[in-house]
Each structure stands twice: as C-alpha cells, then as structure tokens.
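Just below is one structure, and these are the notes that go with it.
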C-alpha cells in the first residue's frame, strides 16, 4: 500500500526539516518528501493539513509485562496503547517473568510484537543475570538477540564494582547501560517524596538525595570507565544539575524524564491517591521547574514514559501496599505538547526528544524521515481535545493519575512501516 | 451551636475549629454520665460498633469500647490475630464483609497512613480513626485538648511543647492540627533525625533546636513515647543518650511555667522520655488524659451517628 501524506508540517529534526510538505510512502519506506508531490494511481492520501508529520515517536522506557505478568499488560495491548499514543517504537524493560536475560525471552518478545504489528518493540536486556545484582548477564548474546540496551530497571545495581564492570563490559559489546539510579538504603520504606506533603500525610518519605547519590555515582563510574551511560527517569533538581555538569565535562551521559515529572508535584498524592505513586516519586515545584529547564537547555535528552501498568487489585489498596508505577503511553504526547504550548520547549525540541534522540542513544534505525528510511510516521493533531478516561485507554491497566483530565493533542495517524495502525481517537 | 456534618472522623486536619469545639464541648457534657452510679444512657441503643484493630492497643480500644457501652451501643472487637487478615484477605474485603453485617460505625486502627480514607470510599457506615500509621490519631488529639482546656479554661494562646519522635507520631500530628486551629502555639523538639521536613508549615508551629528552648515557659509539656521498634538503629544512639537530651525530669521541668501541665499519650517508657518523678508528680495529667478519653470517644461516636438523642 502506498501512502501520500499531504500538506502537513513535516518536522524531522534528524535532517533539520520543518516545513509544510508532502510525504510519499512506498513499500513501507519513505520514498520522497517535497512540495506538491503527485501520487501514483492507487495511492491512499491522508490530508495532513493542520497537523505535524513527524518520525514515528519512540518511547525508550516502557514495561510491557509480557512474558509472565500478562494480567497487567501484554505485548498486544501494550503496543496497541503505544500506537494510540503515537509511538511506533517502544523499548521494553527486562523485569518480566522470566527476566529478559537470555536470547529466548528477547526473541519471544520481538516475534510476538512483529506478529501483532502495532509497534516495533526493542527489548532492553538485564544488566545482571536474573536482575539479581550479582553477576553480569550475557550482554553480547542479548545484543545479538535484538536488545538495544541493558538495565536492571526497577532496581539499581547496588554494588559499585559490579556497576563499573557492567559499564566497561557493555561498552566493549557496544550496548548501552541504562541506570535506575537509587540508593536503596536511603529509600528505605519510603512511599512518596520526602517533604511537606509526606509530613502532613504521615507517609514515609523518599529523599531526593536517594536518587542524586546514585546518579552521581553512576555518572562518575561512566566517566572513570570512559563508557556511555543513560540515566532513566530523572526526577530531581539535583540530578539535573549533576548530569548537566557531567555533560559539560564531556562525560558520555544521556538521560530521560517522564511526563509526570514535568506535569505533577507530590500534591497529586493528597487523598492517598495510589495512581500518583511511582518510583522515583513525584517531587516538588522546584524539581518540576528544574526538569523543564533541563528539557529546555538540552540536559535532558529524551521524554520517555516509564509506562508501568498495574492491575486494579494492585492499586485499589492502602497507599503503602500499592505498587509503584503509572501507565503513560497514551498521555505522553498531549502532556509533552503542553510544554510546547506553554513555551517551555519548541515543537522541534519535543520531536527531537521523542524521535531522533532516543534513536541515536540506542543506535536504532528509526527516528528520521530521510528517503529510504522505514516509514514509521506519526501524524499529530495538536488541536485535538479529548478527555482521558478508562474507556478510551487501550492499555489493559488504567492506573493513570491523568484520568478525567481534558488534554489537547493526539496522534491522528500512527503509521508503522507504511501501514496505518492507528487512526485518531474519539 | 455548630452542626457536625461528617460521616467519618479520620483526621483533625479535616475538621474546622467549630467542629472541634463541638466535639470537645459534647465530651464535657458526656463526663457527667461517667460520674453516675449507673454509667449508661440509651443514646446509641441499637447501634452496632465494630472495633477493628490491626495494631495492638489496650488503652484506645478499651476506651472506645467503654464509650460505646456507656451509650448503650453493641460492640464487637476484632484484631488481626482473630480475623481473616492472617488468611490474606484484603482490608477492603474484610471491611465489605463486616459491612454486610450492618454495623453503624467501624472504629479502626491501622498501620498504614490514610487507610481510613481508602476504607471510607468502600463502605457506607461511619469510620472513626483510632490511629493510622504516622498520620493522625484524632481521638487522642481531642482528649489532649479537652485535658488542657480543663486546666486553663481555654486553648487560645497556650504554649504547648511536644517533645520526641515527631516523624513517626500520629499523636503529634493530631495535636498540631487541633491545637493550632484552636489558637495554641506548638513548639517541637526532638533529635533532628525524628523531625519531619517542613513541619512548621502545618500551622503555628516552631521547631526548636533544643528541648530547653521548647519547654521554656511552656504551659503544657507533652512528651511522646520513644517507640524503640520504630526508631531502628539509625535515629538515635540509645535510650540512655536520648533520655539525657530529650527526657523530662524534675530539673528541666522547672523551665516550664510554674504548674505547667505534663502530658503523655502513653504507654510510657519510664526513665526514658520521662522520669518517674515527673510521671507520678503533681504536674502530671496523664491519667486525667485517659479519663477524658472515654468522654471524647463518646462524643465522637455520638456525633457520627447524627448527634440525635433518643
């Protein structure tokens, strides 16, 4: 099927493109970009006027829960949610059951995603075997099996010597280490950010320094090893500062933040709202401001969702008992567009952080629309008004703090290898 | 007279000054019943009250039970060792099963802060909080205020020192929420490891760097239990050193106003946060607090039942 996407504002930071253009897709590839393109007979045409036409969005941090935890999400429901959110590629974290620490699990995920056909899934393998923090996983084979990075996401690699060796070894294998930066002793039994709100609610706090110490350690280890590192879900002002300073010294560090960290503060926990419970926790206004500044000045490279589906039974419980994490695939785009509308970042920066940057960091052949590239394309309707409800979320789980929010912006067409896999929400 | 419109009493933070005044003044009236030869009125006859205690308690549970019985309500006590919670039943399921038996009030103590708000969304009966995690203990806050009011005739303008582990204390939070609404000024002291961040933003609260500063010229000195099971190994060296810097004894009590009230929510670690000379001394109102506890809980039960007299 050939496709002509006509008259949209094509924004492709990978080639410095931002103009009203047509995109012609043939055989699952971008054939041509230009003005007034003529479609060969039999080409389907999409009127893209008023939209942004961007490389297919990439979310480098999701949990698809498959294999093993399919009651929360599976590869089919998770990639459908991705498509509905405008994502053509997602990278899934290895904390499945069994863990993605071998070829078989990675292969299962890639195959299942391919046959579902809603989005590319690039698995992230484990740093340590079984994510036990004891010995290195077979990173070479993981890479050969299609893993694009390694991480023990959900838990940090506590042992600094092991983390050092992981960085060195992964660097040799040409695979990136993604750090879940957290000092577990400082986290303790904490259930939310430590601050005024935790004092008032009588909930045990997680201090910012728990994240910052681990961020600093991992940045220093990367610097010492001269190896690249990516810091996941940055949430504090201090972490942004540490990464900014490291980048200035030439450390090969990149990082991401999630929409909830630039949208919400720990006030969202009031009422003991378990859908505002995640790890790292929502912080305070000064942190939100620092995250926005980090996005603006380029310290923060990517917007990733940390999409973490949990079953109602795991969230509809007392606050301390509730699981950490929220879904994010379908709300990331409107919340990121809000940053653009508020003048925090430009639309080009937003697209960069959701396409070419994660693609470059992970070394995946996506994130651009140069002729010959795979035709993963997102047609964004920035004016679409919609309300986030349980019913209109494709994800199997509904654990979102944004339920009931009226938001603006959505994918009008999500196109995977030239095929429309999602066309507009109600 | 103000009206009490809440179905539940979960936190003094949720109540207005007028509502707190109403609960206290009703408690003052209830005390008359407790002094009769036959200590029972038919006010809550036919009402069923379940005391659901997920944490150990002697004083509070007994006090709620006596309060209910003095008002002629029927009471049932459930504690984790005798309930299904050991079989892995969720709090919500336990509550829904209890609700099916048509109680009018569930009085609950639970280790998780905010558990009562969760429960209140699930059930249609009234919920009274008998302590939730490190959040609030509203009946304790009310009885503390009633005891202070007995002594001073007012709460407005009192200097109240609270000394101890503020971070883990639900009593401290309820006292702070209630007292600051009523016009008292609360001074907090304790090791910095036990002082929660930004606590001064809760109201008219001053965090002191020493115990001396907090109790200087205080009208009330409230000592908190050092809960050794909560402090772990990192919050203080040991009881000996704690006692030396944060214990109340006849010497440092002299810094407070003459005849200042000494209070403690119990149970006391004699010789740790308070010396026995102070516990049993003339300025101690600790047993008076316990006595007032029954009246305050009668008032709470009465008001969540609509405050109608039979």
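The values are calculated or read from the model by the stated rules, or taken from the named source; none is laboratory data. From a predicted model like this one, the values you see are computed outputs, not experimental measurements. All Cβ positions, glycine included, derive from the backbone under ideal geometry; neighbour counts span all protein chains shown.
What to note about this one:
- Residue count for region A:323-361 satisfying the condition of being surrounded by fewer than 24 Cβ atoms within 10 Å (Cβ to Cβ) and assigned to a loop (DSSP other than H, G, I, E, B): 8.
- Criterion (part of a strand (DSSP E or B), in contact with a strand residue (DSSP E or B) (Cβ under 8 Å, 6 or more places away or on another chain) and either within 14 Å of another protein chain (Cβ to nearest Cβ) or surrounded by 17 or more Cβ atoms within 10 Å (Cβ to Cβ) (or both)) met by exactly one of A:123, A:156: A:123
- Residue match in region B:255-267 (condition: free of Cβ contacts under 8 Å to residues at least 40 places away in the same chain, on the phi > 0 side of the Ramachandran plot and assigned by TED's automatic domain parsing to the domain that holds residue B:167): yes
- Applying the condition of being in a loop (DSSP other than H, G, I, E, B) and closer than 13 Å to residue A:83 by Cα to region A:393-426 and asking which residue is nearest to the chain's Cα centre (by Cα) yields A:395.
One line per residue, one yes/no per condition, for (1) modelled with pLDDT of 95 or more; (2) closer than 25 Å to residue B:118 by Cα:
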position: B:10; (1), (2): yes, yes
position: B:15; (1), (2): yes, yes
position: B:18; (1), (2): yes, no
position: B:21; (1), (2): yes, no
position: B:57; (1), (2): no, yes
position: B:61; (1), (2): yes, yes
position: B:68; (1), (2): yes, yes
position: B:79; (1), (2): no, yes
position: B:85; (1), (2): no, yes
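- Counting only helices (runs of 4 or more DSSP H) that sit completely within region B:45-134, those holding 3 or more residues that are crowded, with 23+ Cβ neighbours inside 10 Å and within 14 Å of chain A (Cβ to nearest Cβ) correspond to B:115-122.
- Selection within region A:189-215 - closer than 17 Å to residue A:319 by Cβ, within 9 Å of chain B (Cβ to nearest Cβ) and outside any helix (DSSP H, G or I): A:191, A:194, A:195, A:202, A:203, A:204, A:205
- In the set B:201, B:173, B:151, only one residue is surrounded by fewer than 19 Cβ atoms within 10 Å (Cβ to Cβ), within 14 Å of another protein chain (Cβ to nearest Cβ) and not in a strand (DSSP E or B); that residue is B:201.
- Selection count where residues are assigned to a helix (DSSP H, G or I), in contact with a helix residue (DSSP H, G or I) (Cβ under 6 Å, 6 or more places away or on another chain) and within 14 Å of another protein chain (Cβ to nearest Cβ), scope region B:5-20: 2
- Residue in region A:217-228 that is without any contact (Cβ under 8 Å) to a residue 24 or more places away in the chain and either more than 14 Å from every other protein chain (Cβ to nearest Cβ) or under 25 Å from the mean Cα position of the chain (by Cα) (or both) present: yes
- Options B:222, B:211: the member that is away from every other protein chain (no Cβ under 14 Å), buried (at least 23 other Cβ atoms within 10 Å of the Cβ) and over 27 Å from residue B:111 (Cβ atoms): B:211
- Boolean, residue B:214 is part of a helix (DSSP H, G or I), more than 19 Å from the chain's Cα centre (by Cα) and in contact (Cβ under 8 Å) with a residue 24 or more places away in the chain: yes
- All positions within region B:233-275 that are assigned to a helix (DSSP H, G or I) and within 26 Å of residue B:146 (Cα to Cα): B:246, B:250, B:252, B:253
- In region B:29-39 there is at least one residue matching the filter, namely being buried (at least 16 other Cβ atoms within 10 Å of the Cβ), closer than 22 Å to residue B:266 by Cβ and outside the structural domain of residue B:154 (by TED's automatic domain parsing).
- Unique match (being in a helix (DSSP H, G or I) and either at pLDDT 95 or above or within 14 Å of chain A (Cβ to nearest Cβ) (or both)) among B:180, B:167: B:180
- Checked against (1) closer than 27 Å to residue A:244 by Cβ; (2) within 14 Å of chain B (Cβ to nearest Cβ), residue A:340 meets all criteria but (2).
- The residues of region A:268-292 that are assigned to a helix (DSSP H, G or I) and either in contact with a strand residue (DSSP E or B) (Cβ under 7 Å, 6 or more places away or on another chain) or not assigned by TED's automatic domain parsing to the domain that holds residue A:327 (or both), listed by number, are A:269, A:291.
- Extreme residue, nearest to the other protein chains (Cβ to nearest Cβ), among residues of region A:245-267 that are surrounded by fewer than 19 Cβ atoms within 10 Å (Cβ to Cβ) and part of a helix (DSSP H, G or I): A:267
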